[in-house]
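What follows is one structure encoded as structure tokens, with my remarks underneath.
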Amino acid sequence: MTEVLAQCGVGIGWRPEIAGFVAGLPGLRFTEVIAESVHPGHPPRLLAELRDRGVRVVPHGVRLSLGGAEPVAPERVARLAAVAETLDAPLVSEHVAFVRAGGLEAGHLLPVPRTRAALEALTDNIRRTCAELPVPLALEPIAALFDWPDAEYTEAEFLTELLERTDVHLLLDVANVYANARNRGQDPLDLLDRLPLERIAYCHVAGGRRHEGLYHDTHTDPVPAEVLDLVRELSARRRPPALLLERDGRYPPAAELRAELDAVAAAAGLPAIT
Amino acid sequence: MTGREGSGSVPEEGRIRPHADGSGAVDGAREALAAAQEALVAALVAGGPVPSGFDPDLLGAASRALLSKRAGEVARAWPALAASFGPRWGERFARWAEGRPPRGPWRDGWDFARAHRDALDPAAARELALAEARWRYDGNGEPRPRRFALRRIPGGGVAVIVSGRLQTVLQRPS
């Protein structure tokens, strides 16, 4: 697949609370913004300034519900497409997940069953979405604390089949891979070795914490050493074109955030951007 | 499933679209998936029963994680409200929100604040009063901006609202 974020290296998710910090990163070449937080006609000024100085901005959707049995809402797709145009985005990303059903909003990304029916529903929704988008789509497998019963595919089989059918990119969240494997007593490397790594457009890296015996992918805690180790293992197999640190709250002092970005860069064998 | 959505029928808004090949098996599987997803969301956010085959402990952990995430989002949208409960905010919000499907941080916080009017400190009461001055909200539908309003604000002053925006808070000379 063509590398849409070739040589973009390490980036960090753009959030209003850390907009000044992000703007001050000398080596920054790409960032990501929650698509639903951007008004298509009026992107935040500091984000528009990054775009104007050549930083690639990836809109990251969280509300399309591509994995829902219901057809994806055309107005949501249209809005995502408009945000991509506004930000001059090289691609957009979304999730292998659903967020609502029967009129109820979950308020979070929920896993789909690994069944043929879910694969068909996802495929239909991804095709509908790609038909309206001006740029390629990358799909992110999510972290989930529980599994659906009666899986007909392994996670690797399900994702590989989905990506092949729809010919979209993979947004691999290394922390999600770690969280899912740890909470199920599995080896995260088993999944890495079975995924089509050549489809990776970019990776997510995030922090989390242990609570009541489970690892929670919170995005509000430091990145644990185990996740950085997994970045190292992934990069040894096939270095991703770009990696993005996600932080969504309880923002640490700038020095800590810089150290975390440096640690991600070092683990991936990429230049520091700080 | 039989051809309930056969040719000539217009699919209702939000209904599953029939397959072009008319394959009843595929439609049936899609409807079963829709029902299973609805049952899962209901179990996680609306106090519904745990659907069969799921691990109740893990669903419970996921449900509590969702409540904690909601509490954090509401705290960002309603900072004075969350601050008025101090370190017990997360627990108080979760106790109230359990079984209430999320309506977005703005309305979740609004509904919570209205249900706890008597417990709000002056800053939180002012935050709520300013929101109620700017927006008309019946507790059900989407809040709508007021075109023009004058509202007395707890802690002093009168808010002047034009098109949902706070223009000024007039202070009475003391």
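The values are calculated or read from the model by the stated rules, or taken from the named source; none is laboratory data. If you're wondering where the values come from, they're calculated on a predicted model, not measured in any experiment. Neighbour counts are summed over all protein chains in view; Cβ atoms, including those assigned to glycine, are modelled from backbone coordinates with ideal geometry. For accessibility, only protein heavy atoms count, side chains too; no ligands or nucleic acids. Shrake-Rupley method; radii C 1.70, N 1.55, O 1.52, S 1.80 Å.
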>> Suppose only helical runs count, i.e. DSSP H with n ≥ 4. What mean residue ellipticity at 222 nm does that imply for chain A under -39500 (n - 2.57) per run, divided by all residues and rounded to the nearest 500 deg cm²/dmol?
In response: -11000 deg cm²/dmol
>> With a cap of 15 neighbouring Cβ atoms within 10 Å, and only residues DSSP puts in a loop, list the trypsin sites (Lys or Arg not before Pro) found in the stretch A:41-143.
In response: A:ARG53
> Restricting the count to DSSP beta bridges whose residues both fall in the stretch A:43-178, what percent are antiparallel, rounded to a multiple of 5?
Replying inline: 25 percent
> Which is farthest toward the positive dipole end of the protein assembly as shown among A:GLY68, B:GLY104, B:GLY164, measuring Cα position about the Cα centre, with Cβ charges +1 (Lys, Arg) and -1 (Asp, Glu)?
Replying inline: B:GLY164
> For the stretch A:1-144, what's the radius of gyration and Dmax over Cα atoms, in angstrom?
Replying inline: 15.6, 47
> Hull surface divided by four, with the convex hull built on the Cα atoms of the stretch B:21-120: how many nm²?
Replying inline: 8.2 nm²
> Going through the DSSP H helices of chain A, which span 15 Å or more along their own axis at the Cα atoms while scoring at least 0.0 as a mean Kyte-Doolittle hydropathy?
Replying inline: A:74-86, A:225-237, A:254-268
>> What figure, in Å² to the nearest 10, do you get for the accessible area of A:ILE34 with a 1.4 Å probe and non-protein molecules left out?
In response: 40 Å²
> What are the radius of gyration and Dmax of the protein assembly as shown, computed over its Cα atoms and given in Å?
Replying inline: 23.0, 77
>> Amide H of A:LEU244 versus every other amide H placed in the peptide plane: which residues, excluding those fewer than 5 positions away on the same chain, fall under 5 Å?
In response: A:GLY11, A:CYS203, A:HIS204, A:VAL205
>> For A:GLU140, what residues show an amide H to amide H distance below 5 Å, using hydrogens built from the backbone and excluding near sequence neighbours?
In response: A:GLU94, A:HIS95, A:VAL96, A:LEU171
> How far apart, in nm, are the 7 Å Cα→Cβ label points at B:VAL160 and A:ARG184?
Replying inline: 6.2 nm
> Along its principal axes, what span do the Cα atoms of the stretch A:196-274 show, with the longest given first and each in whole Å?
Replying inline: 34, 31, 18
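Treat every Asp and Glu Cβ in the stretch A:67-151 as -1 and every Lys and Arg Cβ as +1, leave all other atoms uncharged, and give the resulting dipole magnitude about the Cα centre to the nearest 20 debye. Numbers along the way, then the final one.
Numbers: 7 positive and 12 negative charges, 21 e Å.
The calculated dipole for the stretch A:67-151 is roughly 100 debye.
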> Which value, in debye to the nearest 20, gives the size of the charge dipole of chain A about its Cα centre, when Lys and Arg are +1 and Asp and Glu are -1 at the Cβ?
Replying inline: 580 debye
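Over the residues of the stretch A:80-147, compute the C-alpha Rg and express it relative to 2.2 N^0.38 Å.
1.22
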> If you add up the charges near A:PRO16, with Lys and Arg at +1 and Asp and Glu at -1, over every other residue whose beta carbon is less than 11 angstrom from its beta carbon, what do you get?
Replying inline: +2
> Farthest toward the dipole's positive end in the stretch A:9-259, which of A:PRO26, A:ILE142, A:ILE12, given Cβ charges of +1 (Lys, Arg) and -1 (Asp, Glu) about the Cα centre?
Replying inline: A:PRO26
>> If you average 1/r across every pair of different Cα atoms in the stretch A:109-245 and take the reciprocal, what Kirkwood value do you get, in Å?
In response: 15.6 Å
>> Limiting things to C-alpha atoms, what are the Rg and the maximum Cα-Cα separation (Dmax) for the stretch A:9-259, in angstroms?
In response: 17.4, 50
>> With the cut-off at 1.5 for a/c, could you classify the stretch B:125-174 from its C-alpha gyration tensor as rounded, prolate or oblate?
In response: oblate
> Dipole size in debye (nearest 20) for the stretch B:110-174 around its Cα centre, Lys and Arg Cβ +1, Asp and Glu Cβ -1?
Replying inline: 380 debye
> What nm distance separates the two modelled labels at A:ALA272 and A:SER37, each placed 7 Å from Cα along Cα→Cβ?
Replying inline: 2.6 nm
> Stokes-Einstein D for the stretch A:146-191 at 10 °C, 1.306 mPa s, Kirkwood Rh over Cα pairs, in µm²/s?
Replying inline: 134 µm²/s
